[in-house]
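Report on the following structure.
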Amino acid sequence: MQRRVVARRVLMVLAGITLATLTLPLFVPAWQSALGRTFCYPFIGPVQRFNPDLSDSLLARVRAHENVYADQCRRDGALWHNLRRLVPSQRLQAESEAFCGEVRWGAALGGQTRLAYARALDELRESVWFHRFSDEQIAAALGSQCPDLAATARRQQVEWETRRRSGVP
């Protein structure tokens, strides 16, 4: 009888923690240090929160990034979407795909793909999650998620360096 009471109390505590973990992000705004967050819930799907202090242009860029996470949530399902973020190599793939969405958004607005791609690489390199990966591994992960953008960025970089060396603006 004692074991049932203890087991029931443990289950109640676990259920409460689970419920709080799943529902708090629905009502609490994004953390102040974060630009945006996408939560992936079973049955509900993706829920996005954005920092209210973002400028319109930055908000649009962050939305492009977070919308990729929402697409991943819908495509992969909540369980796999959340589990893969715990494994650094899988998280790198998911983050790389999100940064590709950001680069693609910038290119669609007429921006230089080489600059947006370089910024995405820098942000991936600076992420605490990916310090154990070499620059080559990070570049390969990003390139594998958007080979078209990687090729365009390389071509634009070569063209820019050629113009710079020849003195043509």
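Bear in mind these aren't lab numbers, they're just calculated from the coordinates by the rules spelled out. Just so you know, these numbers come straight off a predicted model, no measurement behind them. Note that we place each Cβ from the backbone using ideal geometry, even for glycine, and neighbour counts take in every protein chain shown.
In this simple spin-label approximation, ARG155 and ALA7 carry label points 7 Å from Cα along the Cα→Cβ vector, and these lie 6.5 nm apart. Using every pair of distinct Cα positions in segment 73-166, the Kirkwood expression returns a hydrodynamic radius of 14.1 angstrom.
Which order, highest average first, do 80-86, 91-97, 130-136, 142-148 follow once you tally other Cβ atoms within 10 Å for each residue and take the mean per peptide?
Values: 80-86: 14.6, 91-97: 19.7, 130-136: 11.9, 142-148: 17.4.
The packing order, highest mean first, is 91-97, 142-148, 80-86, 130-136.
Normalising the Debye intensity of the chain to I(0), with uniform scatterers on Cα atoms only, and taking log10 at q = 0.14 Å⁻¹ returns -0.83.
For the chain, what is the calculated [θ] at 222 nm in deg cm²/dmol (nearest 500), taking -39500 (n - 2.57) for each run of four or more DSSP H residues and dividing by its residue count?
Working: 7 runs with 120 residues, N = 169.
Computed ellipticity for the chain at 222 nm equals -24000 deg cm²/dmol.
Binning all Cα-Cα separations of segment 97-144 at 5 Å, short to long from zero, yields these whole-percent fractions: 4, 24, 31, 22, 12, 5, 1. Note on segment 71-121: Cα-only Rg and Dmax are 12.9, 37 Å.
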